[in-house]
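The values are calculated or read from the model by the stated rules, or taken from the named source; none is laboratory data. Just so you know, these numbers come straight off a predicted model, no measurement behind them. Heads up, the Cβs are rebuilt from the backbone with ideal geometry, glycines too, and the neighbour counts pull from every protein chain shown. Ligands, DNA and RNA are stripped out before the accessible areas are found, and what is left, the full protein with its side chains, is counted by its heavy atoms. Shrake-Rupley method; radii C 1.70, N 1.55, O 1.52, S 1.80 Å.
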Amino acid sequence: MKAKILIIDDEELVLAGWEYALASAGYHVSTASEGKVAVEIAEKEQPDVVITDLFMPIMNGVEICRQIKAVSPGSEIVLISGYPEETPRFYMQFVKAGGRDIFLRKPLFKEELIEAVKNILRERKQAV
């Protein structure tokens, strides 16, 4: 069974590129460009890995993490941002909300993204 990945970012080109990269690597990929939709998808699909941008309109990555963990507690959630200087203000809140202690920095090459997902899935499998 293919691992399920949910990517959340308000930049449509980023979503399309990462969706293509992960689908090409053999994953089932869903995308959302805003938090409310992401939470609905997570509740329905119970993704293995969620990758969320920190700075999003309406609901930021910390709140997205909190809400997804409430409806899909088994999902591993990773934070990504193109504003590394701003991220430390939110990082501990993200981890306390249930997010992984992993931070991916934009711009992110597809190989980095695929490797991060592989590592998370490998760790998850070993923990079971």
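At a glance:
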read-out	value
Low-density loop positions, GluC sites (Glu not before Pro), the range 3-78 - DSSP coil, at most 14 other Cβ in 10 Å	Glu11
Size of charge dipole - the range 1-73 - debye, nearest 20, with Cβ of Lys, Arg +1 and Asp, Glu -1, no other charges	340
nm² value of the averaged projected area, convex hull over the Cα atoms of the chain	7.0
Largest-first ordering by accessible area, 1.4 Å probe, given options Asp9, Asp101	Asp101, Asp9
Per DSSP, loop chymotrypsin sites (Phe, Trp or Tyr not before Pro) in the range 18-124 with at most 15 further Cβ within 10 Å	Phe55, Phe109
Surface per residue (accessible, 1.4 Å probe) for the range 41-128, Å²	55
Charge dipole (debye, nearest 20) of the chain; +1 at Cβ of Lys and Arg, -1 at Cβ of Asp and Glu	520
Kirkwood hydrodynamic radius of the range 24-85, from inverse mean 1/r over distinct Cα pairs, in Å	11.8
Pairs of lysines in the range 19-128 (C-alpha under 26 Å apart; 8 or more residues apart or interchain)	20
Net charge dipole size for the range 56-102 [Lys, Arg +1 and Asp, Glu -1 on Cβ; Debye, nearest 20]	180
Choice from Ala42, Ala32, Ala116 showing the highest fluctuation, given a GNM over the chain with Cα pairs closer than 10 Å	Ala116
Cut-off 18 Å, label 7 Å out along Cα→Cβ of Asn119, residues of the range 47-66 by amide N	49-53
Alpha carbon centroid spacing (whole Å) that separates the range 1-30 from the range 42-71	14
Share of carbon and sulfur in the accessible heavy-atom surface of the chain [1.4 Å probe, %]	55
Axial C-alpha extent at least 20 Å, average Kyte-Doolittle at least -1.0 - helices from the chain (DSSP)	110-127
